[in-house]
Amino acid sequence: MNNDKLGICLVGAGRAGMIHARNYFERITNADVVCVVDAVSEAAEQAASELKAARFDTDYRNVLDDDRIDAVVIAAPTDLHKRVVLDFADAGKSIFCEKPMGVTVAECDEMIQRCEANKVILQIGFMRRHDSSFVQAKEQIAAGDIGDIVLIQSCTRGPSKPKPWMYDISKSNGILAEVNSHDIDSVRWFAESEMDQLYAIAGNFRNREIAEQYPDYYDNLVMSGTFKNGIQFVITGASYVQYGYDSRMEIVGTKGRIQIGRNDKAFYNCTTPGRGTCTPFIESWTSLFHEAYLAEDRHFVDCVLNGRNPKVTGLDGRMAVHIVEVGNESIRERKIKKV
């Protein structure tokens, strides 16, 4: 490996993958995207051309022995994560894996063990831990500004209609995984504890046309519970809300509170007699967390080049998947569950 510049392979040239790749290409001087892999040949070729990558392919197994590749960014569908992580770990490449880490806890355990056995870095894509507002909140809590935490409420609602593969809960684990993984990780991060018990309810309100084919699919979720240290939490999630991307958190302490997030696209509003006050709404997570993704990508490069441990580890990814599994059990069984 060139100790001055990291050679990166991108697996999955969709929206999330290209956010990372463009950061490495445009804004991170000590990294190069040297290879792009996507199952769709046109997507792989187009991305490689944009990123000036030396190589593209439709099968990641063809590039495992490429010496120009030091690390891989995995932004493929969740049910492919385990296989890709294991193969790149065996090839000695460090790994950045987008959330959710895997479909099951057993998959996550195998991924962690394989990366440890091959002595490669494994970082999971929970970019909110790198967002300046979340970092500031963490610092204020540590300083005692709001006293002891009592309650953490976190909400994420996505505007887009789910992709067809997401309707199959056995592949996607539902929006609890695809939408609320970030909430689960952030709440756990702030609580500095593990969840003790939870109760979740869900329903399909916006995609009724697929209800017969996918009766378990849900597009609206409420999950509440307690941590082992007594902190209470509420997580709500939704997909296909259409009005915009909505991500907010409130942390209530014994002597204060912190609110994180905004949904106005710009600090601008217009008031007229006919329409009242109008404020543009944030359309996508890609804009709200743009700088957090950059900080996350820089952190990954630094960890690999300098042998540092990442802030978000395989264990963090595993715990989020564990909560998703228990939450989905609670939805199916309509029972409070021990975590």
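State in Å² the accessible area per residue of the chain; use a 1.4 Å probe, count heavy atoms of protein chains only, and round to the nearest integer.
On a per-residue basis, 46 Å².
Just from the alpha-carbon atoms, what are the Rg and Dmax of the range 35-154 in angstroms?
My reading of the Cα-based Rg and Dmax gives 18.1, 54 Å.
Want the number for residue 250 to residue 309: 0.36 nm per residue separation, take away the alpha-carbon distance, what's left?
Value of the extension gain: 18.3 nm.
State the percent of C-alpha pairs, over all pairs in the range 1-86, separated by a distance greater than 14 angstrom.
Value for the range 1-86 (Cα pairs over 14 Å): 58 percent.
In Å³ and rounded to a whole number, note down the convex hull volume per residue for the Cα atoms of the chain. Write down the numbers at each step before the final one.
On the way: hull volume 53.6 nm³, N = 339.
Residue-normalised Cα hull volume stands at 158 Å³.
Suppose every Lys and Arg Cβ carries +1 and every Asp and Glu Cβ carries -1, with no other charges. What dipole size does the range 278-335 come out with about its Cα centre, to the nearest 20 debye? Intermediate results must be reported in sequence, preceding the final value.
Numbers: 7 positive and 9 negative charges, 50 e Å.
Here the range 278-335 has a charge dipole of around 240 debye.
In whole Å, what is the distance between the alpha-carbon centres of the range 1-52 and the range 112-156?
So the two Cα centres are separated by 26 Å.
What percent antiparallel are the DSSP beta bridges of the chain, to the nearest 5? Write out the running numbers ahead of the final one.
On the way: 33 of 61 bridges.
Taking every DSSP beta bridge within the chain, about 55 percent pair in antiparallel fashion.
With r defined as the distance between the Cβ atoms of residue 168 and residue 30 and R0 fixed at 45 Å, what FRET efficiency is calculated, to the nearest 0.05?
Given R0 = 45 Å and the Cβ-Cβ separation, E is 0.70.
Where in the range 117-160 are there trypsin sites (Lys or Arg not before Pro) that are in a DSSP coil and have at most 16 other Cβ atoms within 10 angstrom of their Cβ?
Here the sparse-neighbourhood loop sites are 119.
Run the simple label-point estimate for residue 117 and residue 287 please: 7 Å along Cα→C-beta, distance reported in nm.
Going from the residue 117 label point to the residue 287 one covers 4.6 nm.
Give, rounded to the nearest 20 debye, the magnitude of the charge dipole that the range 62-132 has about its Cα centre when Lys and Arg contribute +1 at Cβ and Asp and Glu contribute -1 at Cβ.
Values: 9 positive and 13 negative charges, 53 e Å.
In debye, rounded to 20, the range 62-132 gives about 260.
Any idea what the alpha-carbon Rg over 2.2 N^0.38 Å comes to for the range 194-339?
This ratio for the range 194-339 stands at 1.33.
Using unit Cβ charges (K, R positive; D, E negative) and no other charged atoms, how large, in debye to the nearest 20, is the dipole of the range 148-280 about its Cα centre?
Details: 14 positive and 15 negative charges, 109 e Å.
Magnitude of the dipole: close to 520 debye.
State the percentage of accessible surface on the range 188-281 attributable to carbon and sulfur atoms; use a 1.4 Å probe and exclude ligands, DNA and RNA. Spell out each step's value before the answer.
Numbers: 2570 of 5280 Å².
Carbon and sulfur together cover 49 percent of it.
Hey, if you put +1 on the Cβ of every Lys and Arg and -1 on every Asp and Glu Cβ in the range 196-255, which of 217, 245, 197 ends up farthest toward the positive end of that dipole?
It is 197.
Quote to one decimal, in nm, the extra length available between residue 278 and residue 242 on full extension: 0.36 nm per residue of separation minus the C-alpha distance between them.
That pair, residue 278 and residue 242, stretches by 11.3 nm at full extension.
How far apart, in nanometres, would the label points at residue 338 and residue 271 be if each is projected 7 angstrom from Cα along the Cα-to-Cβ direction?
Simple spin-label model gives 5.6 nm for this pair.
Mind giving me the FRET efficiency for residue 205 and residue 68? R0 is 51 Å, r the Cβ-Cβ distance, nearest 0.05 is fine.
The value I calculate is 0.60.
Take the Cα radius of gyration of the range 104-206 and divide it by 2.2 N^0.38 Å, with N its residue count; two decimals is plenty.
Taking the Cα Rg and dividing by 2.2 N^0.38 Å, one obtains 1.30.
The values are calculated or read from the model by the stated rules, or taken from the named source; none is laboratory data. Predicted, not measured: the structure shown is a model, and the values here were computed from it. Don't worry about glycine lacking a Cβ; one is built from the backbone with ideal geometry, like all the others, and counts go over all protein chains shown. Quick note on the areas: whole protein, heavy atoms, side chains included, nothing else; ligands and nucleic acids left out. Shrake-Rupley method; radii C 1.70, N 1.55, O 1.52, S 1.80 Å.
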